Amino acid sequence: MNYEDLLQQKIVIWYKNEYQRHGKGLVFAIPNGGSRNLIEAKKLKATGTMAGVSDLIIIHNRKTLFCELKIEKGIQSEKQKEFESIVTNLGLEYKIIRNLEDFQTWIQSK
């Protein structure tokens, strides 16, 4: 597992323990990455897979939040920037998170 995977795991565990298990929110990931053969890749694209989708989607206090996880100096890909633009143009919130503490502060402010 890389740092972003470990960070995602920590965030999901924390959120589920603090909110989801009490019926106060929902966190989930859409597994978009990884290697796929050509047939599977075409099927996924045809059924709605979209490059650049955020790592986590959180439904919290009647808001839909999009969370992209990055290492300390990590940067977004062009597809991730495009996705962020779409989300924010729709009036939704998108945030880049680099550690558990920043995620906790962000969620607790919502």
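Relative to one another, the C-alpha centroids of the range 80-107 and the range 1-77 are positioned 11 Å apart. Within the accessible surface of the chain, defined with a 1.4 Å probe on protein heavy atoms only, the carbon and sulfur portion equals 53 percent.
Shown here for the range 71-110: GluC sites (Glu not before Pro) in loop regions (DSSP other than H, G, I, E, B) with at most 13 other Cβ atoms within 10 Å, namely E72. DSSP beta bridges fully contained in the chain are about 65 percent antiparallel.
Lys/Arg Cβ at +1, Asp/Glu Cβ at -1, dipole of the chain taken about the Cα centre: which of I71, Q108, H22 is farthest positive-ward? Toward the positive end, the furthest listed residue is H22. When L26, L90, L44 are compared by accessible surface with a 1.4 Å probe, the order from highest to lowest is L90, L26, L44. Peptides 50-56, 36-42, 18-24, ordered by how many other C-beta atoms sit within 10 Å of their residues on average, highest first, read 50-56, 18-24, 36-42.
From Cα pairs below 8 angstrom and at least 6 apart in sequence, can you work out the relative contact order of the range 10-80, rounded to a whole percent? This gives 28 percent for the range 10-80.
The values are calculated or read from the model by the stated rules, or taken from the named source; none is laboratory data. These figures come from a predicted structure and were not determined experimentally. Positions of Cβ are generated from backbone atoms using ideal geometry, with glycine treated the same way; all protein chains shown enter the neighbour counts. Surface accessibility is based on the protein's heavy atoms, side chains included, excluding ligands, DNA and RNA. Shrake-Rupley method; radii C 1.70, N 1.55, O 1.52, S 1.80 Å.
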